[in-house]
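Participant: Structure incoming, see below.
All of the numbers you see were taken from the coordinates with simple rules; none came from a lab. Since this is a predicted model, take the numbers as computed values, not measurements. For neighbour counting, all protein chains shown are included, and Cβ atoms are generated from backbone atoms with ideal geometry for every residue, glycine included.
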Amino acid sequence: MTAPSAPPRRLGPIASVGIAAKTRSPNAAEVVRDAVAWLDRRGVAGILESGTARAAGLDRAGTCTAAELAAADLVLVIGGDGTLLGVAREVVRRAPATPILAVNCGSLGFLTEVTREELDAALDAAVSGRSGVDERQMLRARVLRGGSAAADRLVLNDVVIGRSARSSIIELSISLGGQLITRSRADGLIVATPTGSTAYNLAAGGPIVHPTVDALVLTPIAPHTLTNRPIVLANTAPVRITPDLTGAHVEAHASFDGQYNVELVAGDVVVVERAPHPLRVVRAESRNYFAVLREKLKWGER
């Protein structure tokens, strides 16, 4: 599959902003109200996802479903990384050219790198067309079962094949574009994007990969042999993972961005490949990627 063509690196005119927030966060509700007030002052239409509007006490005309947010010129996500992951799938599926501006109201917030204090400045830069836009590679992941797809999902961070709590280690056959990479005996396998390299992949001992690198990271989880190490691959062909689930006490599941799980059965094949479109993310003007690494992960500190 060829790489998608690069969209413009700067935002175009912004006449409407769709807003989705973590509905259980009182901090996010307050930020939603601040954002709506700011947009009203600038004459920009604010379109709230219906659950977000209720949580912020702003039930009014102009609300929409989460799936309809992508119709706006810009989507503002207020919450943590989990909120962004959920919205990203809908935006890329329905309107891949629509950019997302993510504001952190959670704890770590590695993907939602704009802080609450930076909201007004970030909105001003976006609406004024000064903000840069980064592309974040996304993946299409399928569980093939008996000639059809038992699951077909878009992911931003990772696909994880893992054993159940009752299972012994699982054996996985892993190939790239028809070429066998390895057979792994482990607790599972992480297939991560560069964006997801700082998530579960990093905790499992995988490398940090800059988000502009066109690559995939395969990281075994607690491998049975010390020679089974993480590997970085060019994202040019589908990765196929076939778990051996023929044993009496071997159970496994596939997890997509940690938000959707599918129990695997004998004969299933998990196929991971480049999604047709990347996610477009508004770049934080106040810091670059390496500054985010240092700030969020304390990277390089002694």
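Participant: How far is helix 26-42 tilted off the main Cα axis of the chain, in degrees rounded to 10, range 0 to 90?
Facilitator: Roughly 50 degrees, rounded to the nearest 10.
Participant: Quick check on the exposure proxy: order ARG145, ARG94 from fewest to most C-beta atoms within 10 angstrom.
Facilitator: Fewest to most other Cβ atoms nearby, the residues stand as ARG94, ARG145.
Participant: Rounded to whole Å, give me the distance from the Cα center of the range 64-116 to that of the range 218-247.
Facilitator: Distance between centres, Cα-based: 30 Å.
Participant: Summing -39500 (n - 2.57) over the DSSP H runs of n ≥ 4 in the chain and dividing by its residue number, what mean residue ellipticity at 222 nm do you reach, to the nearest 500 deg cm²/dmol?
Facilitator: Here the helix-only value at 222 nm equals -5500 deg cm²/dmol.
Participant: Let me ask something else. Running a GNM on the chain with Cα contacts under 10 Å, which residue among ALA165, ALA248, ALA45 ends up with the highest mean-square fluctuation?
Facilitator: Greatest mean-square fluctuation among the candidates belongs to ALA248.
Participant: While we're here: Summing +1 for each Lys or Arg and -1 for each Asp or Glu, what net charge is found among the other residues whose Cβ lies under 9 Å from the Cβ of ALA55? Intermediate values should be presented prior to the final figure.
Facilitator: On the way: positive: LYS22, ARG24, ARG54; negative: none.
Neighbour charge sum, excluding ALA55 itself: +3.
Participant: Compute the Kirkwood hydrodynamic radius of the range 139-274, taking the inverse of the mean of 1/r over all pairs of distinct Cα atoms, and give it in Å to one decimal.
Facilitator: That comes to 14.6 Å for the range 139-274.
Participant: Over the Cα atoms of the chain, Rg to Rh with Kirkwood Rh, two decimal places?
Facilitator: On the way: Rg = 20.2 Å, Rh = 20.2 Å.
Answer for the chain: 1.00.
Participant: Let me ask another. With label points built 7 Å along Cα→Cβ from the Cα atoms of VAL265 and ASN27, find their separation and express it in nm.
Facilitator: Roughly 4.4 nm, to one decimal.
Participant: Can you give the Rg and Dmax of the range 146-196 based on its C-alpha atoms, in angstrom?
Facilitator: 12.8, 32
Participant: Amide H to amide H, which residues 5 or more places from THR112 or on other chains are under 5 Å from it, using H placed in the peptide plane?
Facilitator: Residues meeting the amide H criterion: ASP81.
Participant: OK, next. Through the Karplus equation 6.51 cos²θ - 1.76 cosθ + 1.60, θ set to phi - 60°, convert the phi angles of the range 100-105 into ³J(HN,Hα) values in whole Hz; use x for Gly and Pro.
Facilitator: 10, 10, 10, 10, 7, 10
Participant: List the residues, sorted by chain then number, that are 5 or more residues from ARG274 or on another chain and whose placed amide H is less than 5 Å from its amide H.
Facilitator: Counting only residues 5 or more places away or on other chains, the set is ARG140.
Participant: Between ILE181 and residues 5 or more places away or on another chain, which pairs have amide H atoms under 5 Å apart, with H built 1.01 Å from N, and which residues are they?
Facilitator: Those qualifying (amide H under 5 Å, at least 5 residues apart or on another chain) are ILE174, SER175, LEU176.
Participant: If you build a Gaussian network model of the chain, linking Cα atoms that sit under 10 Å apart, which residue out of GLY178, GLY206, GLY188 swings the most?
Facilitator: GLY178
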